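Student: Below is one structure. I have some questions about it.
The values are calculated or read from the model by the stated rules, or taken from the named source; none is laboratory data. All values reported here derive from a predicted model rather than from experimental measurement. As a convention, Cβ positions derive from the backbone with ideal geometry for all residues, glycine included, and neighbour counts pool all protein chains shown. Areas reflect the complete protein model, heavy atoms only, side chains present, ligands, DNA and RNA absent. Shrake-Rupley method; radii C 1.70, N 1.55, O 1.52, S 1.80 Å.
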Amino acid sequence: MIDPRVKAIEERTKDVKRIIPVVSGKGGVGKSLVSATLSLILKDMGYKVGLLDLDFHGASAHIILNADISKLPEEEKGVIPPEVEGFKFMSIVFYSEDKATPLRGIEISDALIELMAITRWNTLDFLIIDMPPGMGDQLLDILRFLKRGEFVVVATPSPLTINVVQKLLSLLIEQKMKILGIIENMVRDLSTIKKIAAEKNVEYLGEVKFDPNIDRSIGRAKDILTTNFGRDIKKIAEKISRSGDY
Amino acid sequence: MHEWALADGILKTVLEFAEKHNAKSVKKVTIVLGELQDVELEIVEFALNEMKKGTIAQNAEFSFKEEEAIFKCRNCGYTWKLKDVENKLNGEMREDIHFVPDVVHTFISCPKCGSRDFEVVKGRGVYISEIVVED
Ligand SMILES: Nc1ncnc2c1ncn2[C@@H]1O[C@H](COP(=O)(O)OP(=O)(O)O)[C@@H](O)[C@H]1O
Ligand SMILES: [Mg+2]
Ligand SMILES: [Zn+2]
């Protein structure tokens, strides 16, 4: 038995210049908010951007962007990801009608392969991937299928995050993946992640302050950009865009 | 998976396989179509026949086998078929499942115990069961 979808995945992303999975290991650290905001900013900087939400159990990007998911994405020799806020967006919620989707390992992997095999991103400068927490199916499938991914690791100063992030970094380094760097999110006063970045010899992309008002902007993309959170992410987006001028 | 994307994946997989085996040409390919995904055989066939032109698979015969969808509950062990639960699925759900078959877990549950923790034993999607090449 040969699975024909695997070849299709390569084909669907061949005109994508840079693939950036936003990972952490830990949940609730801001991966989704960072992914969506990075997408908004890179698009405003003039880049062609796609955002893929691979967190099937905790899909969030459509909520942050207030995306209309009532219509199925248009079908044309594959599926054309709909435009949301000026960039291309794909999520399982289009197909699950935003209802609970209980899936086990192999089923998660199957859904991921299916989504990646049908979605026609066409030409993109950046494909941002919002990843679930953990080192489960989605991470392993990214390591398997998107070996040229440039990982952005999101961490918070909490000791509970540090431990998990260290393990994730070790795994990515061992697997010889390219790591763009670490974002330290929800910083109140002390940074703890600079030290971790230095230890692991990974770039520290910058800190994002804890922004007590950010939840009020969720669902209003334009507003996110004017928050302190948005401004902090902007500096990081500029760094990321420069890191591509090899 | 959408039919054209699917046909594209099938052909590329077949050509890669043939290249790996230093084959002169591809003679025959057998493709299994799972009932759950409900792809349109005619479109896949048409797309394959269009795309194979000018490749070493241009004279290949593509044949198709349809596979019934069978589910097995991981909670109580009950086994059932798609047609036993078809009345639970409206047109929109069928379409969702056509694109991403795994969302079947969103729309149906075990007819016996109600669990959504079930396995699609057979007939989920599309795969290649046989490639015959000429050296
Ligand atoms: N810099 C920040 N300041 C304040 N709250 C934040 C910040 N970053 C994220 N959050 C909040 O933290 C919660 C988790 O964020 P989310 O993006 O869903 O994390 P993840 O995707 O890693 O699980 C959300 O309620 C979000 O609004
Ligand atoms: Mg998230
Ligand atoms: Zn059952």
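Student: For a quick check: with amide H placed at 1.01 Å from N, whose amide H comes under 5 Å from A:Ile19's, ignoring anything fewer than 5 positions away on the same chain?
Tutor: Close amide H contacts, sequence-distant or interchain: A:Leu127, A:Glu150.
Student: Per residue of A:68-79, count partner chain C-beta atoms within 10 Å of its C-beta, then hand back the mean as an integer. It would help to have the intermediate numbers written out before the result.
Tutor: Working: counts 0, 0, 0, 0, 5, 2, 0, 7, 3, 7, 8, 5.
That average works out to 3.
Student: Continuing with this model, one more query. Which aspartates and glutamates have a Cα less than 12 Å from the Cα of A:Lys222, not counting those fewer than 8 places away in the same chain?
Tutor: A:Asp44, A:Glu85
Student: Sort the following peptides by mean Cβ neighbour count (other Cβ atoms within 10 Å, averaged over residues), highest first: A:212-218, A:148-154.
Tutor: Most protected by this proxy first, the peptides run A:148-154, A:212-218.
Student: Ok, one more. What do you get when you divide the Cα radius of gyration of the protein assembly as shown by 2.2 N^0.38 Å, with N the number of residues? It would help to have the intermediate numbers written out before the result.
Tutor: Numbers: Rg = 22.0 Å, N = 381, 2.2 N^0.38 = 21.0 Å.
My calculation over the Cα atoms of the protein assembly as shown gives 1.05.
Student: Also, I was wondering about something else. Let me know the charge dipole size of the protein assembly as shown about its Cα centre in debye, to the nearest 20, where only the beta-carbon of Lys, Arg (+1) and Asp, Glu (-1) is charged.
Tutor: Here the protein assembly as shown has a charge dipole of around 1340 debye.
Student: Roughly how many Å is it from the Cα centre of segment B:21-71 to that of segment B:83-100, as a whole number?
Tutor: Between the Cα centres of segment B:21-71 and segment B:83-100 lies a distance of 24 Å.
Student: Moving to a separate point now. Which entries in the list B:Lys28/B:Lys122; A:Lys48/B:Lys20; B:Lys52/B:Lys122; A:Lys26/B:Lys65; B:Lys12/B:Lys122 go over 32 Å, if you measure between the two C-alpha atoms of each?
Tutor: A:Lys48/B:Lys20; A:Lys26/B:Lys65
Student: Across the residues of B:103-112, average count of Cβ atoms on other protein chains within 10 Å?
Tutor: The per-residue average across the peptide is 4.
Student: Chain pair A, B: how much accessible area is buried, both chains summed, with a 1.4 Å probe, in Å² to 100?
Tutor: The A and B chains share an interface burying roughly 3000 Å².
Student: Tell me, which longest segment in chain B has none of the trypsin sites (Lys or Arg not before Pro) that fall in DSSP loops with at most 15 further Cβ atoms within 10 Å?
Tutor: Here the longest segment lacking exposed loop sites spans B:75-111.
Student: In Å and from the alpha-carbon atoms only, list the Rg and Dmax of chain B.
Tutor: My reading of the Cα-based Rg and Dmax gives 17.4, 54 Å.
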